[in-house]
């Protein structure tokens, strides 16, 4: 059993010995419906039924209340896939006894296939990523044992990545290709601890490898074609990026953007499409299809940033850690680059309303300057009408966009 699991069980057991009942209120993610009725509702709707056993005197329960249960990804997932209830063990001893709850927090999960027997349970603190991995696994039919095996496989992925890089550095390119294929076939695309390897590290390493060993492209071209046959758009885009075939992605994108049925697919793959769209200076496409509702998206980013800033037991952040400015810059830059200055100013104002910091102001200023220069370089005549007729004199270009207010 891993140290993390031992720590969680030990902490939960210790807390169970130190009870001082007090008032308790639960997060909005939980239904107010009584236990049995909520279970039947989950069965009718074909959803998972999640029960959180908690107590007002339980420190890890309170930590989950502050971070896990308020995490936007957790809330959205439960809203779509589950009915969740929270049981205060000091007030509902009947349900506690029926499920043999001995320590808090304990999460018990039922599936719509069998609501009479629990699918699995977790004892102790869980952060948002751990909880989502468990819930996603349960939804797909995986057991706790299956998920433990995946964790071991995740550790193996890092080992294979290190080996692939060593082989690549030694010029053993064919062997390195085999290692990258193993990683591609075994790394989870949903585990937040492993998926970045598949989505970012592997494509970067492969592009570097293909530059000196183009023969290696054949096997990954087959994987790319298989992803297209199975309509796995995420894998297909990643593999095209690794193969240096952005043109193929843009050809698909230009068809998909005209099909309303593909709008959800474009949004799901927005992060992967961003570098491809921006590298081709297709800022107007970015505003229309990647960020069609910019103010809504800015607020989504802000909520995500707030979640990232919440303390986690296994993560340390600098005191002034603020991911929000970096998260919104591509969106803002797209509107500046597309010449949609009025909308860009609205975006900037919303960013400052949410996070009026020196970092935000500096990022907005730098992005505006850079994107306007890029816009002028791309279309000098449109940006400088005097270029049409050098003999004609024009006043310097000015705009009436309000200046950002100075911080106090």
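The values are calculated or read from the model by the stated rules, or taken from the named source; none is laboratory data. Because the structure is predicted, anything quoted here is derived from the model rather than measured. Positions of Cβ are backbone-derived with ideal geometry, glycine not excepted, and every protein chain shown enters the neighbour counts.
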Scan segment 255-281 residue by residue and report those that are over 19 Å from the mean Cα position of the chain (by Cα), more than 22 Å from residue 200 (Cα to Cα) and surrounded by 12 or more Cβ atoms within 10 Å (Cβ to Cβ). 256, 257, 262
Total residues in segment 286-342, condition at pLDDT 95 or above, crowded, with 16+ Cβ neighbours inside 10 Å and in a loop (DSSP other than H, G, I, E, B): 4
Residue that is surrounded by the fewest Cβ atoms within 10 Å (Cβ to Cβ), among those in segment 157-178 that are in contact with a helix residue (DSSP H, G or I) (Cβ under 7 Å, 6 or more places away or on another chain) and more than 11 Å from residue 206 (Cα to Cα): 175
For segment 64-91: of the residues being surrounded by 15 or more Cβ atoms within 10 Å (Cβ to Cβ) and more than 24 Å from the chain's Cα centre (by Cα), which is nearest to residue 46 (Cα to Cα)? 85
Restricting segment 41-60 to residues that are in contact (Cβ under 8 Å) with a residue 60 or more places away in the chain and surrounded by 14 or more Cβ atoms within 10 Å (Cβ to Cβ), the one nearest to residue 107 (Cα to Cα) turns out to be 50
Kindly indicate whether residue 198 is exposed (fewer than 15 other Cβ atoms within 10 Å of the Cβ), assigned to a helix (DSSP H, G or I) and either touching a strand residue (DSSP E or B) at 6+ places or on another chain (Cβ under 8 Å) or touching a residue at least 12 places away in the same chain (Cβ under 8 Å) (or both). no
